[in-house]
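**Student:** First the structure, then my questions, so here it is.
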């Protein structure tokens, strides 16, 4: 019998600061780009129209991970979280379980980290304004990460009260309007993906957008036509071209692999990121299990500093 530590949501937040999350997610992208970490395809179990379940495996750093997570966008209306589930981590040398973590907090941490990492990597160095559209759990994580990295940020949400609460909680600015938020130099969108935010021709020269919300079938935060006139980056081509914003461009315009660059190859220097101040850059994120593994391992590093619940196996 052995005691397996259990990281509740607050434990993950205590263990992994936003700065540490960015560092961990960057390392995961780089390891994946070099072929050192692997990630079998994400499996969707549809329960539409209410939502879906997702099984996400990964292997790297001597550990294996399985994330069983949900996305039920209507849950907040009845007082339930949109994202729930568990992250299971095992030792890759002997298969023994190492830890159990709350999937919602792991997801929020890596979502905020990936959004800001992409913005820092692909945005203009002189970008001044930043906004986060969507003030739910993951949107707040992105705003918190911006602040931790020393950048002021404004938040906007379709629900003004939620935006005001997020701004008060985090100490961010409150965007004057949706249009103002969409027009920032750097924009992170973390919405349910049921409404296109960026129509054809809406992005301006030099702008960067991290699209974090369209991570499943039928979702989109940007028009397919708009993707054809910008420089497109993604977290993983196979996943994004089947379940991200890119799927719509693939279907409508035969958008192919050569037009999109994975963020990891930019981070390891094998491909250029932004090459011109006027270039418009878009990062299509669908959320990767390697990112979850990175956050989980960062949390496990600090297990000895926390008072954690355990389960006996």
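Only the coordinates and a few stated rules stand behind these numbers; no lab work does. Owing to the predicted nature of the structure, the values given are computational and were not obtained by experimental measurement. Cβ coordinates were reconstructed from backbone atoms using ideal geometry, including for glycine residues, and neighbour counts include every protein chain displayed.
**Student:** Under a 10 Å cutoff between Cα atoms, tell me which one of 289, 113, 14 has the largest fluctuation in the Gaussian network model of the chain.
**Tutor:** Per the Cα network of the chain with a 10 Å cutoff, 14 tops the list.
**Student:** Then there is this: Using only DSSP helix segments of four residues or longer, with each worth -39500 (n - 2.57), what per-residue ellipticity at 222 nm results for the chain after dividing by its residue count and rounding to 500?
**Tutor:** Numbers: 11 runs with 108 residues, N = 313.
-10000 deg cm²/dmol, from helical runs alone.
**Student:** Still on this structure: Which angle between 0 and 90 degrees, to the nearest 10, do you get for helix 103-122 versus the longest principal axis of the chain when only C-alpha atoms count?
**Tutor:** Rounded to the nearest ten degrees, it is 40.
**Student:** Of all beta bridges DSSP finds with both residues in the chain, what is the antiparallel percent, to the nearest 5? Could the numbers behind the result be given before it?
**Tutor:** Details: 31 of 58 bridges.
Around 55 percent of the beta bridges assigned by DSSP in the chain are antiparallel ones.
**Student:** Compute from the Cα atoms of segment 103-235 the Rg and the Dmax, the latter being the longest Cα-Cα distance, and quote both in angstrom.
**Tutor:** Rg and Dmax of segment 103-235, Cα atoms, are 13.5, 38 Å.
**Student:** Compare 103, 127, 142 in a GNM of the chain, Cα atoms joined below 10 Å, and give the one with the largest fluctuation.
**Tutor:** Maximum fluctuation in the GNM of the chain, among the listed residues, is at 127.
**Student:** While we're looking at this one, here's another question. Out of 54, 20, 128, any idea which swings most in a Gaussian network model of the chain, alpha carbons joined below 10 Å?
**Tutor:** The residue that fluctuates most here is 128.
**Student:** How far, in degrees from 0 to 90, does helix 18-33 lean away from the longest principal axis of the Cα atoms of the chain, to the nearest 10?
**Tutor:** Roughly 90 degrees, rounded to the nearest 10.
**Student:** Hey, another quick one. Note the angle between two axes, namely the Cα long axis of helix 289-301 and the longest principal axis of the Cα atoms of the chain, as a number of degrees from 0 to 90, rounded to the nearest 10.
**Tutor:** On a 0 to 90 degree scale, this one is about 50.
**Student:** Using Cβ counts within 10 Å as a stand-in for footprinting exposure, how do 293, 182 rank, fewest first? Spell out each step's value before the answer.
**Tutor:** Numbers: 293 31, 182 20.
In increasing order of surrounding Cβ atoms, one gets 182, 293.
**Student:** Tell me, 77, 42 in order of fewest to most beta-carbon neighbours within 10 Å?
**Tutor:** On the way: 77 7, 42 23.
Result, fewest neighbours first: 77, 42.
**Student:** With a 10 Å Cβ neighbour count serving as the proxy for reagent exposure, in which order, fewest first, do 53, 29 appear? Provide the component values of the computation, followed by the final result.
**Tutor:** Numbers: 53 15, 29 28.
Ordered by Cβ neighbours within 10 Å, fewest first: 53, 29.
**Student:** When only C-alpha pairs under 8 Å and at least 6 residues apart count, what is the relative contact order of segment 1-68, in percent? Let's see the in-between values first.
**Tutor:** Values: 54 pairs, mean separation 12.8, N = 68.
Relative CO of segment 1-68 lands at 19 percent.
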